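Student: Handing you this structure, nothing more for now.
The values are calculated or read from the model by the stated rules, or taken from the named source; none is laboratory data. Note that this is a predicted model, so its numbers are computed, not measured. Cβ placement follows ideal geometry from the backbone for every residue including glycine, while neighbour counts extend to all protein chains displayed.
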């Protein structure tokens, strides 16, 4: 029986839009129309179809492979500085290419795929502040791209072989007789089980199981002479366990499926699911042998996902806001530095998380300085240009205004900004161009010949997850009419869109 015939709600424009904006980064009007016509069952089939967009291959990849083989300690200081500057350039390019990839997602299936890639990046948080190796970062991104919707057990086994993760959590220093517990602890606390589901002894014994799982020339290499081959006891089971055995023991804990179900539900739906909902979906996830598509399908087809408590209740992350805006509006003419700077000011540049916990999200995204950054983004879209104080290429570097902890309410941000400046300042010196226009493909978004009230209503149905009030409707119509008296119809529409982006509802999805 089709899902559409058994669920206690009508499948309409609002729910089709909700699915596209939560499962992806947004939706063009024709995509929302398509999902509305398809119904829930066929819309889910489209979401889980094979994505068409492969991960980019950087031009510098082979060059970086050669750099990695060099013995840095044998080089002079100027030579080392030159290589470090080049690595900074490549990391910068890598992050920019990934942002572009998310924006350019050609289909809903590609959007879902990239949104899950970003989920895994935040789940297995790694930072270029510590792992300043472009090849390692790229290969971790490739890992998430390949396994984004595959199986969680396979991904967990892979992450303990990932060079970027091994370096970030110091497992390359984990040796027999001198174990390092960082990876073992985070594997359980942050990556699979959550606090309260293991003991300190499990951490110590898990670390012993992971001894020797290290790096050779910044690639994974098992170092048998550093591995502890003695008997270990983890979760009450005893044996001569290694890293893979440790992962299997974790996956065997009943809490694993529930922990991951709750985290994925929070990412896509809400932070207050019912225990019954989580237990039901977790049981299906566990029975599927941790098939991620099964987990996502269960979430996207659950009635609670389409409840009034969930729809329009989630504060957009900076990635959701910037990428979703760029994709939905079809922004053209912008350079990637504009998007990167907006993300930086809002507090979420890929591969620059505040700590190993990643970005916490929710209300953490809204404070005075970050809200100003969101409004600045809307203003720039409305004005149709990237002013010099925003476009770092026109100033010659990426340095940021000094941020105080009291302004950001995040003690990690000040350190993050300083590290970003130090790593990237030398890589951003380039000729300053004139301000580049931010052009919205208005005619693809909406018929510009509609009446002012019809334009406002149609744009609100596309851009906003909640209905606008009568007062807001009249204010928007007045703003549009005023802009149209001074500018062209298209320019006035662009300013109308920016006015909607300034509404509180636009910060939600």
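Student: Restricting attention to region 35-62, and to residues there that are assigned to a helix (DSSP H, G or I) and under 22 Å from the mean Cα position of the chain (by Cα), which single residue is surrounded by the fewest Cβ atoms within 10 Å (Cβ to Cβ)? Walk me through it before giving the result.
Tutor: First pass over region 35-62, keeping only residues assigned to a helix (DSSP H, G or I): 35-47, 61-62.
Remaining after also requiring under 22 Å from the mean Cα position of the chain (by Cα): 44, 46-47.
Working: 44: 20, 46: 15, 47: 23.
Filtering first and then ranking leaves 46.
Yes/no per residue for (1) in contact with a helix residue (DSSP H, G or I) (Cβ under 9 Å, 6 or more places away or on another chain); (2) over 26 Å from residue 113 (Cβ atoms); (3) surrounded by 21 or more Cβ atoms within 10 Å (Cβ to Cβ):
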| residue | (1), (2), (3) |
| --- | --- |
| 244 | yes, yes, no |
| 258 | yes, no, yes |
| 261 | yes, no, yes |
| 286 | yes, no, no |
| 290 | yes, no, no |
| 299 | yes, no, yes |
| 305 | yes, no, yes |
| 309 | no, yes, no |
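Every residue, every condition in (1) closer than 26 Å to residue 128 by Cα; (2) surrounded by fewer than 20 Cβ atoms within 10 Å (Cβ to Cβ), yes or no:
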{"site": "329", "(1), (2)": "no, no"}
{"site": "335", "(1), (2)": "yes, yes"}
{"site": "349", "(1), (2)": "yes, no"}
{"site": "365", "(1), (2)": "yes, no"}
{"site": "368", "(1), (2)": "no, yes"}
{"site": "372", "(1), (2)": "no, yes"}
{"site": "379", "(1), (2)": "no, yes"}
{"site": "386", "(1), (2)": "no, no"}
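Student: Same structure again: Restrict the check to region 140-153 and report whether at least one residue is in contact with a strand residue (DSSP E or B) (Cβ under 9 Å, 6 or more places away or on another chain) and part of a helix (DSSP H, G or I).
Tutor: yes
Student: Which of (1) closer than 30 Å to residue 320 by Cβ; (2) touching a helix residue (DSSP H, G or I) at 6+ places or on another chain (Cβ under 6 Å) is the odd one out, the single condition residue 275 does not satisfy?
Tutor: Of (1) closer than 30 Å to residue 320 by Cβ; (2) touching a helix residue (DSSP H, G or I) at 6+ places or on another chain (Cβ under 6 Å), only one is false for residue 275: (2).
Student: Within region 216-239, which residues are touching a helix residue (DSSP H, G or I) at 6+ places or on another chain (Cβ under 8 Å), under 16 Å from residue 160 (Cβ atoms) and at pLDDT 95 or above?
Tutor: 220, 228, 232, 234, listed by residue number.
Student: What is the number of the single condition among (1) at pLDDT below 95; (2) in a helix (DSSP H, G or I) that residue 265 does not meet?
Tutor: Every condition holds for residue 265 apart from (1).
Student: Please specify each residue of region 204-242 satisfying the condition of being closer than 27 Å to residue 289 by Cα, buried (at least 20 other Cβ atoms within 10 Å of the Cβ) and touching a residue at least 40 places away in the same chain (Cβ under 8 Å).
Tutor: Correct list: 206, 210, 213.
Per-residue answers, yes or no, for (1) within 15 Å of residue 447 (Cα to Cα); (2) in contact with a strand residue (DSSP E or B) (Cβ under 6 Å, 6 or more places away or on another chain):
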| position | (1), (2) |
| --- | --- |
| 465 | no, yes |
| 469 | no, no |
| 472 | no, no |
| 475 | no, no |
| 483 | no, no |
| 487 | no, no |
| 493 | yes, no |
| 496 | yes, no |
| 499 | no, no |
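Student: Right, next: Checking the condition buried (at least 20 other Cβ atoms within 10 Å of the Cβ), within 26 Å of residue 256 (Cβ to Cβ) and in contact (Cβ under 8 Å) with a residue 40 or more places away in the chain, which residue from 109, 150, 125 passes?
Tutor: 125
Student: Hey, another quick one. So is residue 474 at pLDDT below 50 and in a helix (DSSP H, G or I) or not?
Tutor: No: the conditions fail for residue 474.
Student: Would you check if there is a residue in region 100-114 being on the phi < 0 side of the Ramachandran plot, part of a helix (DSSP H, G or I), at pLDDT 90 or above and more than 17 Å from the chain's Cα centre (by Cα)?
Tutor: Of all residues in region 100-114, those on the phi < 0 side of the Ramachandran plot come to 100-114.
Those left that are additionally part of a helix (DSSP H, G or I): 100-103, 108-114.
Pick out the ones that are also at pLDDT 90 or above and you get 100-103, 108-114.
Filter again for more than 17 Å from the chain's Cα centre (by Cα), leaving none.
Checking region 100-114: not a single residue is on the phi < 0 side of the Ramachandran plot, part of a helix (DSSP H, G or I), at pLDDT 90 or above and more than 17 Å from the chain's Cα centre (by Cα).
Student: Follow-up. Of the residues 83, 32, which single one is in a helix (DSSP H, G or I) and at pLDDT 95 or above?
Tutor: Selected residue: 32, the only one of 83, 32 that is in a helix (DSSP H, G or I) and at pLDDT 95 or above.
Student: Would you tally the residues in region 128-146 being closer than 25 Å to residue 245 by Cβ and surrounded by fewer than 20 Cβ atoms within 10 Å (Cβ to Cβ)?
Tutor: Total satisfying the criteria: 2.
Student: Can you name every residue in region 155-174 that is touching a residue at least 24 places away in the same chain (Cβ under 8 Å) and not in a helix (DSSP H, G or I)?
Tutor: 160, 161, 162, 169, 174
Student: Hey, another quick one. Could you grab the pairs with beta carbons closer than 6 Å, sequence gap of 6+ or different chains, first residue in region 175-199 and on the phi > 0 side of the Ramachandran plot and part of a loop (DSSP other than H, G, I, E, B), second one at pLDDT below 95 and surrounded by fewer than 18 Cβ atoms within 10 Å (Cβ to Cβ)?
Tutor: Short answer, once both residue conditions are applied: none.
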